[in-house]
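Chemist: Take a look at this one; I'll ask things after.
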Amino acid sequence: MEKVVIVRYSEIHLKGKNRGYFERALIINMEKALKGLKHEIIRQSGRYLVEGFDGAETDEIISRLKKVFGIHSLSVALKVQTDMENIFKAAESVCGECGKFKVSTHRADKAFCKDSMQINAEIGGRLLSKFKNLSVDVHNPDFIVNIDLRENGSTLVFNEFFKGAGGMPVGTSGRGTLLISGGIDSPVAGHMIAKRGMTVDCIHFHSYPYTNMQARDKVIELAKVLAKYTGGTKLYIVSVTRIQEEIHKKCNGEYMVTLLRRFMMKIAEKVAIKNGSQCLITGESLGQVASQTVEGITSSNSVVETLPVLRPLCGFDKDEIIERSRDMGAFEISIQPYEDCCTVFLPKHPVIKPSLTSIKEEENKLDFNALVEEAISTLEIIQL
Ligand code: ATP
Ligand code: MG
C-alpha cells in the first residue's frame, strides 16, 4: 500500500484551448513547491497524482501544495492493486471507527468484475462488520470512503479532502510589481493578485538610516511568505532618504506623505517597466487613512504614466484584510513593530484631501526627475 496525493485543479479546466498552457504552469509551480522532497508528479485526466514520496513527509507535501494557486483540492490516498482484498485493506485503514459513513466508488476500469454498486455494498458491509460503532447513512454521512478504480489496474482509496488555494497558476496572468511596506495590507494585496495567476515582484522603499535594518529584514520576511505562494519573487529595495530630506527641507511639511507617495509610484513604475512588469499593485484600501482618500489616490495615481495600478483591497475592511493576512501566514510578521519611511518626518497634520494644483506647487520646489533617478541608482535586488 503506497501513500499518494491526489491533486485536483480549480478553474483550469474552464480554459478550453489554453488548458495545456495552464496545466504546464501548474506542474512547474508544483515542482517548485516540492523542491527538495523526493516525489514524482504523474498526470492523469483532469488531475495529478504525487507519488514516490516518503510517507513521513506527507504533511509537508500537503502543506506546500496548499499554497499552490490553481489547485482546487487535495486528498491523501492509499494506492493498491485493483482486487477486492487490497481495496478492503485500504478502506479499513482510511475508515473512521465510528460515525455515519458511506462508500462511494468511481470505476474508470470498466473491465473489473464488479460494478460500482457491488463494490460499495461489499466494502461497506465488510467495514460494518469490522467496526461495530459504524452505521451507513448515504444522505448525511460524517465521512465518505472513496474508492477510485483507475484504468491501469490500480485503485485509490481515500476519505479526506483538503481545500486547495484556488485561483489560477502563477505565471499565467502576466507580471506585476507590488509596492510592499512592512504593514499588513500590501502582502495581502500581492497574495490576492498572485491568486489570479500573476507573477509578482516586490519593491520596497526605505529611508535608512532614519529607518533601521530590522525594518528591511521584516520586509524580506514578508516577501518570503509571498514567495511561498508565487514560487519565488524578486524584491527591489530603493532608498528614498534623499527624497525625504529634500521634501523636509524645501516643501510644506503637511505634504510629506503625499509627495513621497508620488515619488514611490514613479520610481516603482520605472523599475517595473525596466523589468518587464505590466502593472503596479498597492495595498491601498479606500478611505483607510488620510493618504487613501480618493483625492490621495488621485494624487499618487496621476504620476503613473503608462501602467495600470491594481488595488485589490480597495473594497475591504481592515478586519477582512487581517483575516486574509492570518490565512496567508503573514500577520505575525506584519504586526512586529517597525519603522516605515512614511513615519519619518511625519507631519502633525498631513493634508487629507490634497488638490493636484497645490501638490504640484509643492513638488515644483524639487527637481523631481533628478531625485527619481538618484533613488533608482540605489536599487538593490534580492532574489527570494
Ligand atoms: P500597508 O499595510 O501595506 O502598509 P497601509 O494601510 O498602512 O498599507 P499606507 O502605509 O498608507 O497604507 O500605504 C499604502 C500603500 O502604499 C501600501 O499598501 C503599499 O502598497 C504602499 N507603500 C507604503 N509604504 C511603502 C514602502 N515603504 N515601500 C513600498 N510601498 C509602500
Ligand atoms: Mg503602511
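None of the figures in this text is laboratory data; all of them are computed from the coordinates on show. Every value quoted in this text rests on a predicted model; they were computed, and no experiment measured them. Methodologically, a virtual Cβ is constructed for each residue, glycine included, from the backbone with ideal geometry; neighbour enumeration extends over all protein chains shown.
Chemist: Using a ≥ b ≥ c from the Cα gyration tensor of the chain (square roots of the eigenvalues), is it rounded, prolate or oblate, where a/c under 1.5 gives rounded and otherwise the larger of a/b and b/c decides, a/b for prolate?
Modeler: Cα axes put the chain in the prolate bin.
Chemist: Determine, from the Cβ-Cβ distance of Leu286 and Ile335 and an R0 of 25 Å, the FRET efficiency 1/(1 + (r/R0)^6), rounded to the nearest 0.05.
Modeler: Rounded to the nearest 0.05, the efficiency is 0.65.
Chemist: Does anything in the stretch 89-105 have its amide N under 14 Å from the 7 Å Cα→Cβ label point of Lys132, and if so which residues?
Modeler: 98
Chemist: In whole Hz and in residue order, list the ³J(HN,Hα) couplings for the stretch 58-64 that follow from phi through the Karplus curve 6.51 cos²θ - 1.76 cosθ + 1.60, θ = phi - 60°; x for Gly and Pro.
Modeler: These are the phi-based 3J(HN,Hα) values: 4, 4, 5, 4, 5, 4, 6 Hz.
Chemist: Tell me, what ³J(HN,Hα) does each residue in the stretch 205-210 have, in order and in whole Hz, if you take phi through Karplus 6.51 cos²θ - 1.76 cosθ + 1.60 with θ = phi - 60° and put x for Gly and Pro?
Modeler: So the J values, rounded to whole Hz, are 10, 10, 10, 4, x, 5.
Chemist: Using Cβ counts within 10 Å as a stand-in for footprinting exposure, how do Tyr229, Tyr210 rank, fewest first?
Modeler: Tyr210, Tyr229
Chemist: Subtract the Cα-Cα distance of Glu31 and Glu361 from 0.36 nm times their separation in residues, and report this length gain in nm to one decimal.
Modeler: Going from the current span to full extension adds 113.5 nm.
Chemist: Excluding Thr82 itself, calculate the net charge of residues whose Cβ lies under 11 Å from the Cβ of Thr82, where each Lys or Arg counts +1 and each Asp or Glu counts -1.
Modeler: Overall, the nearby charge balance is -1.
Chemist: While we're looking at this one, here's another question. Calculate how steeply helix 256-274 sits against the longest principal axis of the alpha-carbon atoms of the chain, using the helix alpha-carbon long axis, and give the answer as 0 to 90 degrees to the nearest 10.
Modeler: For helix 256-274, the angle is close to 60 degrees.
Chemist: How tilted is helix 84-94 with respect to the longest principal axis of the chain? Cα atoms for both, answer in degrees (0 to 90, nearest 10).
Modeler: Tilt of helix 84-94: around 40 degrees.
Chemist: How long is the gain from Met213 to Leu384 if the chain were fully straight, where each residue apart is worth 0.36 nm and the alpha carbon distance is subtracted?
Modeler: Residue separation times 0.36 nm, minus the Cα-Cα distance, leaves 59.8 nm.
Chemist: With charges set only on the Cβ (+1 for Lys and Arg, -1 for Asp and Glu), what does the dipole of the chain come to about its Cα centre, in debye to the nearest 20?
Modeler: In total the dipole reaches around 760 debye.
Chemist: Here's something else I'd like to know. If you only keep lysine pairs separated by 8 or more in sequence, or across chains, how many in the stretch 248-384 come under 14 Å at the Cα atoms?
Modeler: 4
Chemist: Neighbour counts of other C-beta atoms within 10 Å: give me Tyr255, Tyr21 arranged from fewest to most.
Modeler: Result, fewest neighbours first: Tyr21, Tyr255.
Chemist: With n ≥ 4 as the cut-off for DSSP H runs, can you work out [θ] at 222 nm for the chain, using -39500 (n - 2.57) per run divided by the number of residues, rounded to the nearest 500?
Modeler: -11500 deg cm²/dmol, from helical runs alone.
Chemist: Additional query: Taking other Cβ within 10 Å of each residue's Cβ, how do Val188, Val304, Val5, Val138 sort, fewest first?
Modeler: Val138, Val304, Val5, Val188
Chemist: Would you mind checking which residues have amide H under 5 Å from Ser104's amide H? H placed 1.01 Å from N; only 5 or more apart, or other chain.
Modeler: Val145, Asn146, Ile147
Chemist: Next question, about the same structure. Provide the per-residue ³J(HN,Hα) series for the stretch 119-136, in order, calculated from phi with Karplus coefficients 6.51, -1.76, 1.60 and θ = phi - 60°, each as a whole number of Hz, with x at glycine and proline positions.
Modeler: 5, 3, 5, 5, 5, x, x, 5, 5, 4, 6, 6, 10, 6, 8, 9, 9, 8
Chemist: Just tell me which lysines come within less than 16 Å, Cα to Cα, of Lys3; anything on the same chain fewer than 8 places away is out.
Modeler: Of all the lysines, those that pass the test against Lys3 - Cα under 16 Å, at least 8 places apart if same chain - are Lys38, Lys79, Lys89.
Chemist: With labels modelled as points extended 7 Å from the Cα through the Cβ direction, what inter-label distance (nm, one decimal) is found for Gln118 paired with Arg150?
Modeler: 2.4
Chemist: Could you work out the relative contact order of the stretch 195-289, using alpha carbon pairs under 8 angstrom and six or more residues apart, expressed as a whole percent?
Modeler: 27
Chemist: GNM on the chain, C-alpha springs below 10 Å: top fluctuator among Arg24, Arg326, Arg126?
Modeler: Comparing Arg24, Arg326, Arg126 in the GNM, the peak value goes to Arg126.
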